[in-house]
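The values are calculated or read from the model by the stated rules, or taken from the named source; none is laboratory data. Computed from a predicted model, the values in this text were never measured in an experiment. A quick note on method: Cβ atoms are made from the backbone with ideal geometry, for glycine too, and the neighbour counts reach across all protein chains shown. Calculation scope for accessible area: heavy atoms of the full protein, side chains included, ligands and nucleic acids excluded. Shrake-Rupley method; radii C 1.70, N 1.55, O 1.52, S 1.80 Å.
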Amino acid sequence: MTDSPARPRPAAPKRRRSLRLGPLTLLWRTRPLLVALCVFAVLVVAFVRALLSFDDYPMGSADVVRTLVGGGDSGETFVLFTLRMPRALTAALVGAALGLAGAIMQSLTRNPLASPDTLGVTWGASVGAIAVIILGGSTGQVSGLVSRLGVPVGALVGGVLVSMVVFGLAWSSGLESTRLLLVGVAASLFCSNLVYWAMSWTQVQEASRAQTWLTGSMHAADWDRVGPAALALAVLLPLSLAAAHALRALTLGDDSARGLGVRVERARLLLLLIATLLACVAVSAAGPITFVALAAPQIALRLCKLAQPPLVTSALLGSALTLAADQIAAGLFTVSLPVGVFTAVLGAPYLMYLIVRRHREHHL
Amino acid sequence: MTEAGASSLRRPRGPVSLLGRRRRAAGLLLLIALLSAAATLSISVGARAIPPPEAWRVLFSPDGGEASVIVRELRLPRTLLGALVGLALGVAGVLMQSHTRNPIADPSLLGVSQGAACAVVVSVFTLGVTTLSGYVWFAIAGALLSSIVVFALASGGSRGPTPVTLVLAGAAMTALLTGIISGIVLLDERSLEVFRFWRIGSLAGRPTDVLWQVLPFLLAGGVLAVANAPGMNILALGDDVATALGQRIRRVRATGVLAIALLTGAAVAAAGPIGFVGLMTPHLARAIIGPDHRWIVPYAALLGAAIVLFADVVGRVFAGSGEVEVGVVLAMVGAPVFVALIRSRRLVSL
């Protein structure tokens, strides 16, 4: 799916500056770089703000800095290192992982609807997590390690299993993207109906807990969840950047990619695995946060005025969106709502605005 | 592209093409037979099984007995509703996939289902509406409103809505409404209590009023969809070619979106968001009949109706004492069938 160009561009091609390092050539594009820097600035501001004022505990910026370097009293240390820091880090890492996963999936399939939600990852993870919530909740038998790690582990297992099933079923001498998407959507619908059905059978309190998880929530953020997300991002972000050239070639179509020297099937499988793992880890840490994986890449490519979502900017945008939404979620109501409510409420109008604005530009 | 579709495109006009048309019409008759079988099963299977001959007899000459009451007052309305919902979702799925040129688009994509769901949740939360026929008006209003907003957002510029802007505006609207719904049902337990049952999608316990409430919307949507079919054939060539051929793209898209909103809104209002049929039926119909929308639309209508009725019957048979909702059955049985279909043939690209 590509947008047909509005009108032919003026003929004279712009000379692009480039950086050459041995065999590597990097194009110098000013606008995407500026956008990335701006989004990064927003991310930093949101992160600092999260550390400064996430809850009612009175801590000035001087106190926070003092506590960060190890000079705070026990209350301040607890608030900063047990409550605020893990939550902010989880939001930032999970948002980045979802944004990156969405960007890879959308580029690979050339379909703006492709995201962990449509490829079966999210709903597979949901089946695992909801099974733990509902089975564990109604028997009242879970405690200790299982209640702390049961939901994330269940989500991880469910997500990985269902994605493997989707890949296996979609494979027929290669992963053709339409087939992959259709199998993914079928798996998602299968799993989502299973979840909804299970939720209609339980007590309403458990259904409410399940709904909170399904919306994506930072309530349970702790260091146990930061660790895997940080590790996954640390390994998979460089890998995906290394594969970015192949990804860009694949968006031109399989034949062109082959002509450019890309091993098409291998590259596609590798990129899909990267995206799926990122999504699995993110969803297991905080639940399927609504809309981030779909919106971050689309907003990023519109801000940068590129044809395909830029990977790093998508990750940064996902991160900033999730952090900002989590602060609104924590601060706006007396009953704190899950972050997923606000990623959609923040992200959707902005994406709509970008769609409308682009039309205006065409109009001129 | 299926063999039949490809070969009939290559053939010149004349007696040979007439043969193709005859074969397609015969297929249509076959589907009508299938739908009748599904309807017969639907009025005879249930907690009290009534043999099909007796069911037919009491249907046309009521004798006031128990079987007669069950068939005429419970199973007939339910069967009609199921058939209409399936028909609407099948046709709306075809329109949606063609207008967005996206194989994974389903009728709920323009925010139609979530608009209906959001309106239902809001009506429970603010007005305390509790009856199914009370939700219907809210659901239809919500569905129409959200799809109008999506269409307006997607068609801001001189070129009108493109497939990409339609998809994205729809996805954004869906996410926004999902967020609002989640917020409300988490703040208000009573809304969650209603919503968690409503969203599964079921034909059970719908009073006959619901059928009459949604029927005008379904009819209007159906007429628009049939009128839209030739236009969709030309739009399938791409916006530029369609413009060059003198097609008014904006008008065709607007007609299509209105038809989708009416059909899906009415179906969702009556039975809740039944997910799978709108995605699967268009692919099934295209696999059988090829790329001509004038044929895909009626095929998808009959297939959708038959699929929903069969799923409803399966849900009644396999659940033992209670029943499994039709939405769940469709996903559990439909997903494997759909995957098998995808694997077995080359896909028709949109």
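Here is how the numbers come out for the structure above:
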| read-out | value |
| --- | --- |
| Odd one out for A:LEU273, checked against (1) surrounded by fewer than 17 Cβ atoms within 10 Å (Cβ to Cβ); (2) touching a residue at least 24 places away in the same chain (Cβ under 8 Å) | (2) |
| Breaking point among (1) within 14 Å of chain A (Cβ to nearest Cβ); (2) out of contact with any helix residue (DSSP H, G or I) (no Cβ under 8 Å at 6 or more places or on another chain), for B:PRO216 | (1) |
| Residues being over 17 Å from B:ARG316 (Cα atoms) and buried (at least 22 other Cβ atoms within 10 Å of the Cβ) - total across region B:65-85 | 2 |
| Conditions (1) out of contact with any Pro (no Cβ under 7 Å at 6 or more places or on another chain); (2) within 14 Å of chain B (Cβ to nearest Cβ); (3) of a type in the set (A, V, I, L, M, F, W, C): number failed by A:LEU301 | (1) |
| Whichever residue in region B:23-64 is charged (D, E, K, R) and out of contact with any helix residue (DSSP H, G or I) (no Cβ under 7 Å at 6 or more places or on another chain) and, among such residues, is most open to solvent (accessible area, probe 1.4 Å) | B:ARG23 |
| All positions within region A:191-212 that are within 24 Å of the chain's Cα centre (by Cα) and facing chain B (nearest Cβ under 7 Å) | A:ASN193, A:TYR196, A:SER208, A:GLN211, A:THR212 |
| Scope region B:126-165; condition more than 9 Å from every other protein chain (Cβ to nearest Cβ), within 30 Å of B:LEU235 (Cα to Cα) and modelled with pLDDT under 85; matching residues | B:GLY160, B:PRO161 |
| Residue check, B:VAL313 at pLDDT below 90 and either in contact with a helix residue (DSSP H, G or I) (Cβ under 8 Å, 6 or more places away or on another chain) or not in a helix (DSSP H, G or I) (or both) | yes |
| Qualifying residue in region B:51-67 (condition: in contact (Cβ under 8 Å) with a residue 24 or more places away in the chain and acidic (Asp, Glu)) | no |
| Residues satisfying the stated conditions in region B:127-137, i.e. open to solvent by 70 Å² or more (accessible area, probe 1.4 Å) and either in contact (Cβ under 8 Å) with a residue 60 or more places away in the chain or touching a strand residue (DSSP E or B) at 6+ places or on another chain (Cβ under 7 Å) (or both) | B:THR130, B:TRP137 |
| Every residue from region B:166-191 that is at the interface with another protein chain (Cβ under 7 Å from one of its Cβ atoms), hydrophobic (A, V, I, L, M, F, W, C) and more than 25 Å from the chain's Cα centre (by Cα) | B:VAL185, B:LEU186, B:LEU187 |
| Residue under evaluation A:LEU321, criteria (1) at pLDDT below 85; (2) closer than 17 Å to A:THR90 by Cβ; (3) open to solvent by 10 Å² or more (accessible area, probe 1.4 Å), criterion not met | (1) |
| Matching entry among B:ARG190, B:ARG206 (being within 28 Å of B:LEU132 (Cα to Cα) and part of a helix (DSSP H, G or I)) | B:ARG190 |
| Answer residue from region B:75-125, given it is closer than 16 Å to B:ALA259 by Cβ and among the polar types (S, T, N, Q) and is nearest to the other protein chains (Cβ to nearest Cβ) among those | B:THR100 |
| Among (1) under 25 Å from B:GLY327 (Cβ atoms); (2) over 21 Å from the mean Cα position of the chain (by Cα) - the single one A:GLY174 does not satisfy | (1) |
| Elements of type helices (runs of 4 or more DSSP H) in region A:37-142, at least 2 residues being closer than 17 Å to A:LEU317 by Cβ and open to solvent by 10 Å² or more (accessible area, probe 1.4 Å) | A:85-109 |
| Region B:192-201, residues that are more than 7 Å from chain A (Cβ to nearest Cβ) and either open to solvent by 30 Å² or more (accessible area, probe 1.4 Å) or at pLDDT 80 or above (or both) | B:VAL194, B:PHE195 |
| Criterion (at pLDDT 85 or above and open to solvent by less than 10 Å² (accessible area, probe 1.4 Å)) met by exactly one of B:ALA244, B:ALA335 | B:ALA335 |
